[in-house]
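Below you'll find the structure, written out as structure tokens, and then a few comments.
Derivation of every value follows stated rules applied to the coordinates shown; laboratory data play no part. Worth saying up front: this structure is predicted, and the values here are computed from it rather than measured. For neighbour counting, all protein chains shown are included, and Cβ atoms are generated from backbone atoms with ideal geometry for every residue, glycine included.
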Amino acid sequence: MKKILWVINPLDFKESDCEFPHYMADLTEGEVSVAFIDTGIAEIAPVAADSLILPTRDYRLLDYPVIINEEKRAMTGSTHALIRGFFSARNKTIHFHENESLDFEDLIRESRFADLMLTSISLSGLLNENHSLSHRVKELLVRAQCPVLIAPENLQEIQKIYFTYNGSYSSVYAIRQFTMLFRNLSHIPVTVLTVLESVKEEELPDKKLLNEFLSRNYKTFGFKLLQGHPDKELLIELMYQRNAIVTFGAFGRNRVSRMLNPSHSEKVTEGINIPVFITHP
Amino acid sequence: MKKILAVFDGNHYSENVLHFINNLNQLSAVSVTGIFLSSHDYAHLWSNPAMQETLGSLSMVKEELELADKGIESNISRFENYCLKEGLPFRVHDESGSEVFETLRYETRFADLMILSNDLFYKNIGEQPNEYLQQILHASECAVLMLPEKENFPDHLILCYDGSPSSVFAIKQFAYILPELCDREAILLSREEEDQIRQHPLLEELAVRHFPALSLQILDKTEGNKPFSSWVNSRSHPMVVAGAFSRSGISRLFKKSFIAEVIKENNASVFIAHK
């Protein structure tokens, strides 16, 4: 039975957030284990955008006064109760981490012993109107020692699977890991998305081997070759999709590679509203 | 359906590898791709100056090369006949040449598991795990299962934990790739000085979800590699699950670890997974 580590900011939570993890537990035949992040590591959003008149300011988190701590504790308790109530009403087991909250390194260590980590696009709990990946989530995606699934804003039943593929080991690794974790999705149609500079079917790398892999594991699959810049093409392809899931095989392996080649998965992830499965060898 | 690569060298055909795959097929459908490494691949290894000391006399090697070429066609026929008889979906990888490690890398990228005999695999070029085996493991992009030649389907598992992320990775990969074997008795084994498993309730929590018949065992810190491998090899039909720090850590795995001793003693199956 698989362990799904669900990472939550307890200060930014609503009951409907339980729906997707509950659905994932069913799909993977796993159990959800909740970990509350230490909200001391929440990021600060700038109060005002860059402007000559009102320059951006950063606000630092200082030691919380007692009242704020009490409020945080109350909200955390309320979140705890909401989650327990939701799962209990559906006769589903839910576990809570023994620690009240986990810091970043704790989360990484926990991921080593989990089969899947589930999180939202931002754990900051603060203004995130741009729907951007928070710094902490980006770090999680790079350093997590299990696959990470970024939940969509609302529950979506998976009716389509998109595998991004560029011939690399990393992209195939992600496809394989997804397949092993979600064996119950073999009946769902699969589309393999590849972005090439020129669209020629025979240029799809190792197509025969990929074809063979897919035919063993999925009833229906097809290939879609896109032409152009990967960020743009994948975003256009996926941004209006619903009831689908997409896999990516890398997420900026290290800071240097990210600087030189901003990860396609990062930009696409921020622009779409379907679950995103990311892992890398 | 799992895709399994069965890798043979030209001279040696392992019956046990195919029996194992056939037994697995009874539990969960598999397809098998036979890869028969030719003498060209052997010659490629010979061209590495560092290997020449290991490989010994050139004239002896040339005789082996000629024999290997004749052996391959016969082995391919045996493989095909076995698969047809047992109803195993199969294909034969039909490329050969000097790019063996790259070719194998691409095949393993799209496979779930690679299986080979740890007794027979290029046995003539040195005691196992020999350099060739290590290079194959290094090139592999999927998990590898090394089987002893005497027939034995595992009846229990030994999950090796040394506190490293790679050992946990290997345990997870085993559960994903071979879930049909997870109901067997599983011993979660630690060799660390302190009782690491008891300091890691997370590991117990993960392991017990995947291996319902789990027990824990700590080896005394004073024991070296030899007593551990003897303990493993004294057990009946064990399958050892171990990780490596990274693909580049394969040689470290063999130099530092009890796994080399276990393979050398050739009684246990060994499952290795690395990122």
Hey, if you drop one equal point scatterer on each alpha-carbon of segment B:135-184 and run the Debye formula without solvent, what base-10 log of I(q)/I(0) do you get at q = 0.19 Å⁻¹? -0.81
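Tell me, A:Thr179, A:Thr247, A:Thr76, A:Thr269 in order of fewest to most beta-carbon neighbours within 10 Å?
A:Thr76, A:Thr179, A:Thr269, A:Thr247
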Determine ³J(HN,Hα), in whole Hz, for all residues of segment B:260-275 in sequence, where each value follows from phi through the Karplus function 6.51 cos²θ - 1.76 cosθ + 1.60 and θ = phi - 60°; x replaces Gly and Pro. 4, 5, 4, 5, 4, 6, 6, 10, 10, 7, 10, 9, 10, 10, 8, 7
In the structure shown, of A:Lys14/B:Lys275; A:Lys138/B:Lys275; A:Lys160/B:Lys275, the pairs separated by more than 32 angstrom at the C-alpha atoms are A:Lys14/B:Lys275
Please list, ordered by chain and number, the residues whose modelled amide H lies under 5 Å from the amide H of B:Ser117; skip anything fewer than 5 residues away on the same chain. B:Leu147
Packing-based exposure ordering (other Cβ within 10 Å, fewest first) of B:Val241, A:Val137: A:Val137, B:Val241
If I model a spin label as a point 7 Å beyond the Cα along the Cα-Cβ vector, how far apart are those points for B:Lys85 and A:Ala81 in nm? 7.0 nm
Taking H as built 1.01 Å from N, whose amide H comes closer than 5 Å to the amide H of A:Met117, not counting residues under 5 places away? A:Leu5, A:Val148, A:Leu149
Sorted by chain and then number, the residues having a modelled amide H within less than 5 Å of the amide H of A:Phe221, at least 5 places away or on another chain, are A:Val190
Where N is the number of residues in segment A:158-200, Cα Rg divided by 2.2 N^0.38 Å: 1.26
Once the other residues with Cβ under 12 Å from the Cβ of A:Arg242 are scored (Lys, Arg +1; Asp, Glu -1), what is the net sum? -1
Exercise: per-residue mean of other protein chain Cβ atoms within 10 Å, B:106-114: 5
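Would you mind ranking A:Lys219, A:Lys267 so that the residue whose beta carbon has the fewest other beta carbons within 10 Å leads the list?
Starting with the residue having the fewest Cβ neighbours, the order is A:Lys219, A:Lys267.
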May I ask which of B:Lys2/B:Lys172; A:Lys72/B:Lys172; A:Lys219/B:Lys2; B:Lys2/B:Lys264 have a Cα-Cα span longer than 26 Å here? A:Lys72/B:Lys172; B:Lys2/B:Lys264
